[in-house]
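See structure below.
The values are calculated or read from the model by the stated rules, or taken from the named source; none is laboratory data. All values derive from a computational prediction rather than experimental measurement. Just so you know, the surface numbers come from the protein's heavy atoms only, side chains and all, with ligands and any DNA or RNA stripped out. Shrake-Rupley method; radii C 1.70, N 1.55, O 1.52, S 1.80 Å.
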Amino acid sequence: EAEAEPVAALQDAQWEEVNTKLDLAKAYEEMGDLEGARELLQEVVGEGPVDLVEQARTILDRIGG
């Protein structure tokens, strides 16, 4: 069980980073930088957990990604 804690902490840190990319992509979209948003959203799709991937795909559909 003690070995699982560092893995969980590492995964939490990774999800936090992916979540930050998703937030940044939303900000890029609002600023009109759709290409920048697309790049970040594609990273989220490749790296993120299911809930963040679904959000990223929804935004990609909306902006034509």
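A compact table of results
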| item | result |
| --- | --- |
| Whole-percent carbon and sulfur share, accessible surface of the chain, 1.4 Å | 50 percent |
| Kirkwood-based Rg to Rh ratio, the chain, C-alpha trace | 1.10 |
| Surface accessible to a 1.4 Å probe, per residue, for the residues of the chain, Å² | 68 Å² |
| J(HN,Hα) series, the stretch 8-20, from Karplus relation 6.51 cos²θ - 1.76 cosθ + 1.60, nearest Hz, glycine and proline x | 5, 5, 5, 5, 4, 5, 5, 5, 5, 5, 5, 5, 5 |
